[in-house]
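**Q** Take a look at the following structure, please.
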Amino acid sequence: MMSFEWPWQYSFPPFFTLQPNVDTRQKQLTAWCSLALSYCRVNKLYTMTVAEAQESPLFNNWKLQRKLSLESILVVLEELRKKGNLEWLDKNKSSFLIMWRRPEEWGKLIYQWVSKNGLTNSVFTLYELSNGEDTENEEFHGLEESMLLRALQALQQEHKAEIITLDDGRGVKFF
């Protein structure tokens, strides 16, 4: 497990207040987006509610006793959505999928593992692929099923895999 190092801005109290100057605010939003993606990657977070985000260390620096306001958190999340790193999971925008790797990138990692291990023409259940012993040392180990399916759909579009229905659920065959 990687340890997480907070960027210098996280210890800078004004970072927790979105700045009015357009240029400064854009740099600040870029820093917040980078921080959010890094934090979620290290902690293997894929889905979150806005309420959970609000209470997480990501937007709360207890040492400084500073936290980003709900309005500001929503601005950061919207910026991540515009960049293609976030997708709302409901109409109320209360929960979201955060994509610190896009589905195509996950697909590429999975396919590299399949190829490297000579497993083309093999069938896996989704569980085996994301939680099996064979993938324990892979970055995609523990990948949430919704993101795994998106990654496999990307591979399916490239004709490198086919998602199939098995007796006990879904699986995938690699080509």
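The values are calculated or read from the model by the stated rules, or taken from the named source; none is laboratory data. Predicted model only: the values in this text are computed from it and were never measured. All Cβ positions, even for glycine, are placed from backbone atoms using ideal geometry, and neighbour counts span all protein chains on display. The accessibility values were calculated without ligands, DNA or RNA, using every heavy atom of the protein model including side chains. Shrake-Rupley method; radii C 1.70, N 1.55, O 1.52, S 1.80 Å.
**Q** Accessible area per residue, 1.4 Å probe, Å², for the chain: what's the number?
**A** Roughly 58 Å² per residue, with all protein chains present.
**Q** Can you give the local net charge around N60? Use residues other than it whose beta-carbon is closer than 13 angstrom to its beta-carbon, Lys and Arg +1, Asp and Glu -1. Walk me through the numbers on the way to the answer.
**A** Working: positive: K63, R66, K67; negative: E52, E55.
Cβ neighbours under 13 Å give a net charge of +1.
**Q** Could you rank Y46, Y127 by how accessible they are, 1.4 Å probe, largest area first?
**A** The residues order as Y127, Y46, largest area first.
**Q** Still on this model: Taking the structure as given and computing P(r) over Cα pairs in 10 Å bins from 0, in percent, which label from (1) 8, 24, 17, 8, 10, 12, 8, 6, 5, 2, 0; (2) 9, 31, 26, 16, 8, 6, 3, 0; (3) 9, 34, 28, 19, 9, 1 fits?
**A** (3)
**Q** Report, in deg cm²/dmol and to the nearest 500, the calculated mean residue ellipticity at 222 nm for the chain, where each DSSP H run with n ≥ 4 adds -39500 (n - 2.57) and the sum is divided by the residue count.
**A** One gets -13000 deg cm²/dmol as the mean residue ellipticity at 222 nm.
**Q** Running a GNM on the chain with Cα contacts under 10 Å, which residue among N21, N85, N131 ends up with the highest mean-square fluctuation?
**A** N21
**Q** Moving to a separate point now. Would you mind telling me which residue in I98, I110, I164 has the biggest mean-square fluctuation in a Gaussian network model of the chain, where springs connect alpha carbons within a distance under 10 angstrom?
**A** Top of the fluctuation ranking is I164.
**Q** Could you work out how far helix 70-82 tilts from the main Cα principal axis of the chain, as a 0 to 90 degree angle to the nearest 10?
**A** 40 degrees
**Q** Might you report the magnitude of the Cβ-based charge dipole of the stretch 8-98 about its Cα centre, with Lys and Arg at +1 and Asp and Glu at -1, to the nearest 20 debye?
**A** 180 debye
**Q** What percent does the relative contact order of the stretch 103-174 come to when contacts are Cα pairs within less than 8 Å and at least six residues apart?
**A** The value is 41 percent.
**Q** I need the GluC sites (Glu not before Pro) found in the stretch 1-70, filtered to DSSP loop residues with at most 15 other beta carbons within 10 Å of theirs. Working shown, then result.
**A** Values: sites: E5, E52, E55; in loops: E5.
Listed in order of number, the matching sites are E5.
**Q** Another question, then. What list of ³J(HN,Hα) couplings, whole Hz, do you get for the stretch 38-52 from phi and the Karplus terms 6.51, -1.76, 1.60, once you set θ to phi - 60° and write x for glycine and proline?
**A** 5, 4, 5, 5, 5, 8, 6, 9, 10, 10, 7, 9, 4, 4, 5
**Q** Right, next: For the stretch 139-148, just list the computed ³J(HN,Hα) in residue order, Karplus coefficients 6.51, -1.76 and 1.60, θ = phi - 60°, integers in Hz, with x standing in for Gly and Pro.
**A** Values, residue by residue: 5, 7, 4, x, 4, 4, 4, 4, 6, 4 Hz.
**Q** Can you pull the Rg over Rh of the stretch 103-174, Cα-only, Kirkwood?
**A** Details: Rg = 10.7 Å, Rh = 11.8 Å.
Rg divided by Rh gives 0.91.
**Q** With the cut-off at 15 Å, report for the stretch 39-118 the share of all Cα pairs above it, as a whole percent.
**A** 63 percent
**Q** If you filter the stretch 1-63 for trypsin sites (Lys or Arg not before Pro), then keep DSSP loop positions with at most 14 other Cβ within 10 Å, what is left?
**A** Within the stretch 1-63, the qualifying trypsin sites (Lys or Arg not before Pro) (loop, at most 14 other Cβ atoms within 10 Å) are K44, K63.
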